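Have a look at the structure below, then the notes.
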Amino acid sequence: MLEDDNGRDIIIPALSEVSTYFFDVDLFNVENNDVIEFLKNDSEEKKKAGKQKWLVTNANAHPNRYWWNKQKFINLYDASKHINGNLWLVNYSDNPSEKVSLISVTSIDNEKGITSDVGYLLRYKELLEWLLLNQQSSGEGLAYLETKPKQERNEEFWLEEHARKEARKLKKYAPSQIGIYR
């Protein structure tokens, strides 16, 4: 696989003295202004290499788990809103039999993280189908997703999830609710 870094050789030296907030976007749908970012889940490889104790699946992977990288998601969300579009995040892995998580981000707080989103659990083939339908019409893409398992996460959900995370730090049993799709 080839990486497309053509512009980097020009842009980085040209803007080296300038503070910018430029970033790249994985996929931009010009028909409905959707910004789609692919997030590779390498948890399985890290666990095998002894770099991580736990396994994060695509179903329970979420940017709020690693908010230290928040500026990327804030910028993507702001860009999508600036063009009157939507931000979609796709959690995927190298395992083709593992379902992917497609997340529609509906609100972000710069400190708290993503405060509202809807996650869908799809097979790779279903993700491709959604991409094709969504390219034609966001309405068709959304109608397709309504037939799939989903998890709606609002600010209340994230407040409870934060409390569960704090309880886990204190060694109290409080399993994460991320990844429970209905």
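Computed from the C-beta positions of residue 177 and residue 69 and an R0 of 25 Å, the FRET efficiency is 0.70 to the nearest 0.05.
Applying a DSSP loop filter and a limit of 16 other Cβ atoms within 10 Å to the chymotrypsin sites (Phe, Trp or Tyr not before Pro) in segment 31-104 leaves 54.
Kirkwood hydrodynamic radius computed over segment 21-169 comes to 16.1 Å, based on all pairs of distinct alpha carbons.
In percent, rounded to a whole number, the relative contact order of segment 21-169 is 19, using alpha-carbon pairs under 8 Å and six or more apart.
Mind giving me the FRET efficiency for residue 118 and residue 17? R0 is 30 Å, r the Cβ-Cβ distance, nearest 0.05 is fine. Once rounded, the FRET efficiency stands at 0.10.
If R0 is taken as 41 Å, the Cβ-Cβ distance between residue 106 and residue 49 corresponds to a FRET efficiency of 0.70. Near the amide H of residue 115, within less than 5 Å, lie the amide hydrogens of 107, 108, 109, all on another chain or at least 5 residues away, with H placed in the peptide plane. Stokes-Einstein diffusion for segment 120-182, with the hydrodynamic radius set to the Kirkwood value over Cα pairs and evaluated at 20 °C in a medium of 1.002 mPa s, equals 157 µm²/s.
Placing +1 on each Lys and Arg Cβ and -1 on each Asp and Glu Cβ, with no other charges, gives segment 43-182 a dipole about its Cα centre of roughly 860 debye. 3J(HN,Hα) couplings calculated from phi for segment 81-98 with the Karplus curve 6.51 cos²θ - 1.76 cosθ + 1.60 (θ = phi - 60°) are, in sequence order, 6, 4, 9, 6, x, 10, 9, 10, 10, 10, 8, 9, 9, 6, 7, x, 8, 7 Hz; Gly and Pro show x.
Each value in this text was obtained by applying a stated rule to the coordinates, not by laboratory testing. None of these values were measured; they are calculated from a predicted model. Don't worry about glycine lacking a Cβ; one is built from the backbone with ideal geometry, like all the others, and counts go over all protein chains shown.
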